[in-house]
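S.K.: One structure coming up, written as structure tokens, with questions to follow.
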Amino acid sequence: MIRTIKQSKTMKDLNDYRKSYEKGELWETNIPEDPINLFNRWFHEAEDLGREEEVNAMTVSTIGLDGFPKARVVLMKQYTYEGFIFYTNYNSEKGKAIANNPNLCLSFFWHTMERQVIIKGVAEKTSENISDGYFESRPDGSKLGAIVSNQSEVIPSRNFLEDNLKQLEKDFEGKEIKRPDFWGGFLVKPVEVEFWQGRPNRLHDRIRYKLQEDYSWKMDRLSP
Ligand SMILES: Cc1cc2nc3c(=O)[nH]c(=O)nc-3n(C[C@H](O)[C@H](O)[C@H](O)COP(=O)(O)O)c2cc1C
């Protein structure tokens, strides 16, 4: 159902928000054959600049069971040549979406570098070992927080959550907190990786890598 509103007054006009992007350039002659190597270079550059609050924050977009795309921020916890890993509740809205359709999109916006990376990929659950290892590394508060939250379910109140957490703290006092089955990692294996570098006059650089049948990467420049 779509809401129709008869009178719509402008609440804020943003036409004058304008910025020239001048911090970098992306040349075919200066980039690696494997996009993960370029991702790694950009990640370190964003990290080294030290001005990104959470350089590993990425937007994960899924196609939901309702047919709508949905994007939300999660924290990337590892990347390798195989792909990108984040952790979540497998029963959450995104978990159910991924179980139904593992094709998803990850995106990073590193505004201090005027850079964006967009990754299309296919998600699969990480092995139990990997999920256990990461869960184990979390502080107890985060472990219990993961257990207590039926992520994306409707709850009656904030108190409901806090009371359940207090109860869990008592139940687990002095005991080992094990990873629940409904919580773990997703590894997103990339099939397409696009690098965007802001440039003046909106003539931005866009380089897209597409995975080929022989597992090599084809690189193309896209019009901004
Ligand atoms: C900076 C930031 C980091 C987040 N990190 C995670 C994360 O690593 N895992 C996660 O499940 N949710 C994380 N969230 C919460 C998600 O954005 C989202 O609210 C939650 O996963 C439920 O999404 P869903 O109902 O679409 O499944 C983070 C949110 C923000 C703003």
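S.K.: Over what distance in Å are the Cα centres of segment 84-99 and segment 1-65 separated?
M.R.: 22 Å
S.K.: Amide H to amide H under 5 Å from Arg199: which residues, 5+ apart in sequence or cross-chain, H placed 1.01 Å off N in plane?
M.R.: The answer is Tyr21, His204, Asp205.
S.K.: Sum -39500 (n - 2.57) across every DSSP H segment of at least 4 residues in the chain, then divide by the residue count to get the 222 nm mean residue ellipticity, nearest 500.
M.R.: Result for the chain, helices only: -7500 deg cm²/dmol.
S.K.: Another question, then. Does segment 1-91 classify as rounded, prolate or oblate by the C-alpha gyration tensor (a ≥ b ≥ c root eigenvalues; a/c under 1.5 gives rounded; else a/b over b/c gives prolate, otherwise oblate)?
M.R.: oblate
S.K.: Another question, then. By how many nm would the segment from Glu124 to Arg3 lengthen if fully extended, with 0.36 nm per residue of separation less the alpha-carbon distance? All intermediate terms of the calculation are to be shown ahead of the outcome.
M.R.: On the way: separation 121, 0.36 × 121 = 43.56 nm, distance 3.68 nm.
Working it through step by step, the gained length comes to 39.9 nm.
S.K.: Under a 1.4 angstrom probe, counting protein chains only, how are Ser149, Ser92 ranked by accessible area, largest first?
M.R.: Output order, biggest surface exposure first: Ser149, Ser92.
S.K.: Would you compute, for the Cα atoms of segment 108-150, the largest minus smallest coordinate along each principal axis and list the three values in descending order, in whole Å?
M.R.: 37, 24, 21
S.K.: On to the next question. Once each part is reduced to its C-alpha centroid, what is the distance from segment 104-141 to segment 162-224 in angstrom?
M.R.: Going from one Cα centre to the other spans 4 Å.
S.K.: Given a cut-off of 31 Å, name the pairs among Lys19/Lys96; Lys6/Lys120; Lys96/Lys178; Lys96/Lys210; Lys19/Lys189 whose C-alpha atoms lie farther apart than that in the structure shown.
M.R.: Lys19/Lys96; Lys6/Lys120; Lys19/Lys189
S.K.: Relative contact order for segment 66-224: what percent, with Cα pairs under 8 Å and sequence separation of 6 or more?
M.R.: 26 percent
S.K.: To the nearest 10 square angstrom, what accessible area does Asp171 show with a 1.4 Å probe?
M.R.: The value for Asp171 is about 70 Å².
S.K.: If you don't mind, there's one more thing I want to ask. Arrange the residues Met58, Met1 by how much accessible surface each exposes, largest first, with a 1.4 angstrom probe. Walk me through the numbers on the way to the answer.
M.R.: Numbers: Met58 0, Met1 235 Å².
The ranking, largest first, comes out as Met1, Met58.
S.K.: Now, a different point. How far apart, in nm, are the 7 Å Cα→Cβ label points at Glu53 and Leu75?
M.R.: Inter-label distance under the simple model: 1.4 nm.
S.K.: First compute the accessible area of segment 77-138 with a 1.4 Å probe, then give the percent of it belonging to carbon and sulfur atoms.
M.R.: Details: 1400 of 2960 Å².
About 47 percent, which is the carbon plus sulfur part of the accessible surface.
S.K.: Also, quick follow-up: For segment 1-95, what does the accessible surface come to per residue with a 1.4 Å probe? Please give it in Å². Walk me through the numbers before you get to the answer.
M.R.: Numbers: 7070 Å² over 95 residues.
Dividing the accessible area of segment 1-95 by its residue count gives 74 Å².
S.K.: Same structure again: How large is ³J(HN,Hα) for each residue in segment 114-124, as worked out from phi by the Karplus curve 6.51 cos²θ - 1.76 cosθ + 1.60 (θ = phi - 60°), to whole Hz, x for Gly and Pro?
M.R.: Whole-Hz 3J(HN,Hα) from phi for segment 114-124: 6, 10, 10, 10, 10, 10, 9, x, 10, 8, 9.
S.K.: Still on this structure: Enter the accessible area per residue of segment 125-175 (Å², integer; probe 1.4 Å; all protein chains in place). Show your work: numbers first, answer last.
M.R.: Working: 3710 Å² over 51 residues.
Here the per-residue accessible area is 73 Å².
S.K.: Can I ask one more? Would you work out if segment 129-176 is rounded, prolate or oblate? Take a ≥ b ≥ c from the square roots of the eigenvalues of the alpha-carbon gyration tensor; rounded if a/c is under 1.5, else prolate when a/b is larger than b/c, oblate otherwise.
M.R.: Taking the square roots of the gyration eigenvalues as a ≥ b ≥ c, segment 129-176 is oblate.
The values are calculated or read from the model by the stated rules, or taken from the named source; none is laboratory data. Quantities reported herein were computed from a predicted structural model and do not represent experimental measurements. Cβ coordinates were reconstructed from backbone atoms using ideal geometry, including for glycine residues, and neighbour counts include every protein chain displayed. With ligands, DNA and RNA removed, areas are computed over all heavy atoms of the protein, side chains included. Shrake-Rupley method; radii C 1.70, N 1.55, O 1.52, S 1.80 Å.
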